[in-house]
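Undergrad: Below is one structure. I have some questions about it.
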Amino acid sequence: MKPHYFHQEKADEDDYFLQLSIDHGYVPEGCLMGGSMVWTKCHSRSPMDPCEGCDGPREKCHGRITEEDM
């Protein structure tokens, strides 16, 4: 699995954890972060919003706006 898909237009279709994370609403449909990273951030001891702190291209993934972007 890849840590991210920022260089691609869309994520690999076989990234099970990313699709599962999208289905659960953890990240938006166009997320380009690797599924294992998303899943880990959501299910760690201190769960966090995967979009927070992500340096991915919001114009491609349409991720949530972070506090830094405000």
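Undergrad: Has segment 35-58 got at least one residue that is surrounded by 14 or more Cβ atoms within 10 Å (Cβ to Cβ), assigned to a loop (DSSP other than H, G, I, E, B) and acidic (Asp, Glu)?
TA: Yes, because at least one residue in segment 35-58 is surrounded by 14 or more Cβ atoms within 10 Å (Cβ to Cβ), assigned to a loop (DSSP other than H, G, I, E, B) and acidic (Asp, Glu).
Undergrad: Would you mind telling me which numbered condition in (1) touching a strand residue (DSSP E or B) at 6+ places or on another chain (Cβ under 7 Å); (2) at pLDDT below 90 residue 33 fails?
TA: Only one criterion in (1) touching a strand residue (DSSP E or B) at 6+ places or on another chain (Cβ under 7 Å); (2) at pLDDT below 90 is unmet by residue 33, namely (2).
Undergrad: To continue, here is another question. Filter segment 1-30 for residues that are part of a helix (DSSP H, G or I) and either over 13 Å from residue 62 (Cβ atoms) or at pLDDT below 95 (or both) and give the result. Talk me through it step by step, then tell me what you get.
TA: Narrowing segment 1-30 to residues part of a helix (DSSP H, G or I): 16-23.
The answer is 16, 17, 18, 19, 20, 21, 23.
Undergrad: If you go through segment 60-70, how many residues are modelled with pLDDT under 90 and either assigned to a loop (DSSP other than H, G, I, E, B) or closer than 20 Å to residue 7 by Cα (or both)? Give the steps one after another, and end with the answer.
TA: Pass one, segment 60-70, residues modelled with pLDDT under 90: 62-70.
The next check asks that each one be either assigned to a loop (DSSP other than H, G, I, E, B) or closer than 20 Å to residue 7 by Cα (or both); those that pass are 62-66, 70.
Residues that pass the stated criteria total 6.
The values are calculated or read from the model by the stated rules, or taken from the named source; none is laboratory data. Small disclaimer: the values here were computed from a predicted structure and weren't measured. Here Cβ is always computed from backbone atoms with ideal geometry, including for glycine, and neighbour counts include all displayed protein chains.
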